[in-house]
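K.L.:
Supplied in structure tokens, the structure appears directly below.
The values are calculated or read from the model by the stated rules, or taken from the named source; none is laboratory data. Keep in mind that what you see is a predicted model, and the values were worked out from it rather than measured. Reconstructed Cβ throughout: ideal geometry from the backbone, glycine too, with neighbour counts over all protein chains shown.
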Amino acid sequence: MRTIRLGLIGAGGIAQAHCRAVSEVEGLEVVAISDIVPERAEKTAADFSIPAVYTDYNKMLAQADIDAVTVCTPTALHAAPTITALKAGKHVLCEKPMEATLDSAAEMVRTAHATGRILMVALKLRFSPQVITARRVVEEGTLGDLYYAECVADRRRGNPGGSFVRKDTAGFGAAADIGVYALDTALYIMGHPKPVSVAAITSNYLSKHNPAVLGAWNPDVTNTEVEDFGVAWVRFENGIRMVFKTSWCMHLDSLGGTFFLGTKAGLRIGVSEVKGPEEGVWVYRDEFGTLTNTNALFLRPLQGIELFKRENAAFADAVREGKPSPIDPDGMLLTNVIIQGVIDSAAAGGREVEVTVPKTV
Ligand SMILES: NC(=O)c1ccc[n+]([C@@H]2O[C@H](COP(=O)([O-])OP(=O)(O)OC[C@H]3O[C@@H](n4cnc5c(N)ncnc54)[C@H](O)[C@@H]3O)[C@@H](O)[C@H]2O)c1
């Protein structure tokens with residue numbers, strides 16, 4: 001099996017998870033790493049025996065013998081390295097969410113199409129047995145025609161702080177950071193319907209006024225510039241309506257669960273950041289002249305690192321075999337369309353705004 005040689009761009013928190021996962025994936029190797037903070041790149045290189053260290057990813061792209069890069073920079077800094085790497089002929093695995101603005105995300109997808117390189121956004125939940133099973137239930141027609149869904153990604157007091165709360169590095173807050181998991185999971189399960197409008201409210205009151213409490217991820221997140229809470233009503237071209245709820249900070253244990261209603265059956269899912277009653281998949285139907293629930297058994301929740309391994313293995317396999325991206329970037333772009341709609345509608349006082357899917361070819 002040909003070994004795919006990777007360069008990492010960004011050596012912060014999530015780069016460590018990628019390095020660990022890659023070290024356990026056959027036929028994949030990190031051979032170069034770059035970070036504008038040299039000590040971070042050097043420390044990660046020492047920890048994972050990465051031979052080449054750079055402070056400028058342009059140099060890495062020009063000098064290192066690599067097939068692909070993994071982009072692990074903060075969200076608002078995904079487009080520049082991704083586009084540069086694609087144009088340099090490298091395949092790209094880019095951390096989620098795709099980018100901070102819809103325009104930048106669309107440019108990334110356009111560049112992937114123009115260069116014929118793989119662009120895969122690292123949505124690790126696509127590799128979870130729960131999400132794969134739920135998609136299969138819908139694909140087989142079990143739910144009939146879908147007409148309504150709710151998707152939720154919430155934390156009671158889990159503002160990640162750091163580069164996640166600054167407009168210049170993150171762009172958006174909870175709606176993009178964890179909300180993207182709920183949105184992508186819902187869109188994937190529903191077969192990527194095209195969004196046409198969004199009405200939303202957002203807030204960051206709690207982060208900005210939050211007294212330190214035991215149990216919060218960070219003692220002080222009063223510097224939060226992005227939203228820590230958001231709720232949206234999304235309309236799709238095919239008639240489906242969806243409520244999307246997300247929170248880093250709230251005075252509540254849960255915003256509810258993620259579910260899909262169809263003409264023949266309903267489905268609930270719970271997986272990692274995407275909230276359900278618990279981890280699993282349940283289908284609710286009328287059968288045998290009565291009401292039945294089907295509980296998908298044996299869907300062992302996978303730990304984070306296992307999902308990173310599967311994601312990296314799928315990326316390496318696509319690069320090696322010349323397959324399309326395991327996660328279609330045009331499908332991913334729809335999450336950016338909705339997130340942009342959330343921000344635009346919230347800025348317009350919660351009024352419904354039309355959203356448009358940008359052309360990428
Ligand atoms: N998949 C997941 O489970 C998961 C979890 C956490 C974060 N993320 C995503 O990963 C991305 C990074 O998050 P993080 O927690 O690692 O952030 P971080 O702030 O810890 O690390 C980002 C790193 O990028 C570096 N950087 C910035 N500009 C650069 C440039 N031009 N060239 C090279 N390096 C540069 C910074 O110096 C920093 O070391 C975000 O988009 C985030 O949403 C994904």
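Results for (1) in contact with a Leu (Cβ under 9 Å, 6 or more places away or on another chain); (2) within 30 Å of Thr169 (Cβ to Cβ); (3) not in a loop (DSSP other than H, G, I, E, B), shown as yes or no for each residue.
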{"position": "Val198", "(1), (2), (3)": "no, yes, yes"}
{"position": "Val213", "(1), (2), (3)": "no, yes, no"}
{"position": "Trp217", "(1), (2), (3)": "no, yes, no"}
{"position": "Thr222", "(1), (2), (3)": "no, yes, no"}
{"position": "Phe259", "(1), (2), (3)": "yes, no, yes"}
{"position": "Gly266", "(1), (2), (3)": "yes, no, yes"}
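K.L.:
Step by step: first the residues of segment 285-304, then only those that are surrounded by fewer than 17 Cβ atoms within 10 Å (Cβ to Cβ) and closer than 23 Å to Asp154 by Cβ, then the one that is farthest from the ligand (Cβ to nearest atom). Which residue is that?
P.N.:
So, considering only residues that are surrounded by fewer than 17 Cβ atoms within 10 Å (Cβ to Cβ) and closer than 23 Å to Asp154 by Cβ, the one farthest from the ligand (Cβ to nearest atom) is Pro301.
K.L.:
Same structure again: I'd like to verify a number: residues in segment 5-36 that are away from the ligand (no atom under 14 Å from the Cβ) and of a type in the set (Gly, Ala, Ser), how many?
P.N.:
Residues meeting the conditions: 2.
K.L.:
Evaluate the following for Ala348: is it surrounded by 21 or more Cβ atoms within 10 Å (Cβ to Cβ) and either over 17 Å from Leu183 (Cα atoms) or aromatic (Phe, Trp, Tyr) (or both)?
P.N.:
no
K.L.:
May I pose another question? Within segment 149-168, is even one residue assigned to a helix (DSSP H, G or I), closer than 27 Å to Arg310 by Cβ, more than 16 Å from the ligand (Cβ to nearest atom) and β-branched (Val, Ile, Thr)?
P.N.:
Checked segment 149-168: no residue is assigned to a helix (DSSP H, G or I), closer than 27 Å to Arg310 by Cβ, more than 16 Å from the ligand (Cβ to nearest atom) and β-branched (Val, Ile, Thr).
K.L.:
Among the residues of segment 15-30, is any polar (S, T, N, Q), closer than 21 Å to Ser163 by Cβ and either surrounded by fewer than 22 Cβ atoms within 10 Å (Cβ to Cβ) or touching a residue at least 40 places away in the same chain (Cβ under 8 Å) (or both)?
P.N.:
yes
K.L.:
For segment 287-332, give me the residue count where each residue is outside any helix (DSSP H, G or I) and either of a type outside the set (D, E, K, R) or under 30 Å from Val196 (Cβ atoms) (or both).
P.N.:
Looking only at that region, the number is 21.
K.L.:
Moving on. The conditions are (1) of a type in the set (A, V, I, L, M); (2) at pLDDT below 95; (3) under 17 Å from Ala100 (Cβ atoms), and Ala216 fails exactly one of them. Which is it?
P.N.:
Result: Ala216 passes all but (3).
K.L.:
For segment 141-188, which positions are of a type in the set (S, T, N, Q) and over 19 Å from Ala216 (Cβ atoms)?
P.N.:
Across segment 141-188, the qualifying residues are Thr142, Thr169, Thr185.
K.L.:
Of all residues in segment 112-129 being touching a strand residue (DSSP E or B) at 6+ places or on another chain (Cβ under 8 Å) and away from the ligand (no atom under 16 Å from the Cβ), which is nearest to Tyr284 (Cα to Cα)? Talk me through it step by step, then tell me what you get.
P.N.:
To start, the set of residues in segment 112-129 that are touching a strand residue (DSSP E or B) at 6+ places or on another chain (Cβ under 8 Å) comprises 112, 117-122, 125, 128.
If we keep only those that are away from the ligand (no atom under 16 Å from the Cβ) as well, we get 112, 117-118.
On the way: Ala112: 40, Arg117: 41, Ile118: 38 Å.
Per the criteria, the residue is Ile118.
K.L.:
Filter segment 37-55 down to residues that are surrounded by fewer than 15 Cβ atoms within 10 Å (Cβ to Cβ) and either of a type in the set (Gly, Ala, Ser) or within 26 Å of the chain's Cα centre (by Cα) (or both) and give me whichever is nearest to the ligand (Cβ to nearest atom).
P.N.:
If we take residues in segment 37-55 being surrounded by fewer than 15 Cβ atoms within 10 Å (Cβ to Cβ) and either of a type in the set (Gly, Ala, Ser) or within 26 Å of the chain's Cα centre (by Cα) (or both), then Val37 is nearest to the ligand (Cβ to nearest atom).
K.L.:
Right, here's the next one. Being acidic (Asp, Glu), under 25 Å from Pro195 (Cα atoms) and either away from the ligand (no atom under 16 Å from the Cβ) or free of Cβ contacts under 8 Å to residues at least 60 places away in the same chain (or both), is that true of even one residue in segment 265-278?
P.N.:
No, because not a single residue in segment 265-278 is acidic (Asp, Glu), under 25 Å from Pro195 (Cα atoms) and either away from the ligand (no atom under 16 Å from the Cβ) or free of Cβ contacts under 8 Å to residues at least 60 places away in the same chain (or both).
K.L.:
Restricting the search to segment 88-97, which residues are touching a residue at least 40 places away in the same chain (Cβ under 8 Å) and either more than 9 Å from the ligand (Cβ to nearest atom) or among the polar types (S, T, N, Q) (or both)?
P.N.:
Lys90, His91, Leu93
K.L.:
May I ask you to list the residues in segment 268-286 that are touching a helix residue (DSSP H, G or I) at 6+ places or on another chain (Cβ under 9 Å), part of a loop (DSSP other than H, G, I, E, B) and either over 19 Å from Pro160 (Cβ atoms) or aromatic (Phe, Trp, Tyr) (or both)?
P.N.:
Gly276, Glu279
K.L.:
Output the residues belonging to segment 94-126 that are in a helix (DSSP H, G or I) and either touching a Gly at 6+ places or on another chain (Cβ under 7 Å) or of a type in the set (S, T, N, Q) (or both).
P.N.:
Ser104, Thr111, Thr115
K.L.:
Could you please give the count of residues in segment 167-204 that are out of contact with any Gly (no Cβ under 8 Å at 6 or more places or on another chain) and over 23 Å from Leu255 (Cα atoms)?
P.N.:
Adding up the residues that qualify gives 9.
K.L.:
Here is a further query. Considering Ile201, Ile240, which residue is surrounded by 20 or more Cβ atoms within 10 Å (Cβ to Cβ) and assigned by TED's automatic domain parsing to the domain that holds Asn159?
P.N.:
Ile240
K.L.:
Any residue that is in a loop (DSSP other than H, G, I, E, B), in the same structural domain as Gly179 (by TED's automatic domain parsing) and under 29 Å from Pro160 (Cα atoms) - is there at least one of those in segment 333-348?
P.N.:
Yes, that holds for at least one residue.
K.L.:
Give me a count of the residues in segment 161-184 that are of a type in the set (Phe, Trp, Tyr) and over 18 Å from Tyr205 (Cβ atoms).
P.N.:
Counting residues in segment 161-184 that are of a type in the set (Phe, Trp, Tyr) and over 18 Å from Tyr205 (Cβ atoms) gives 1.
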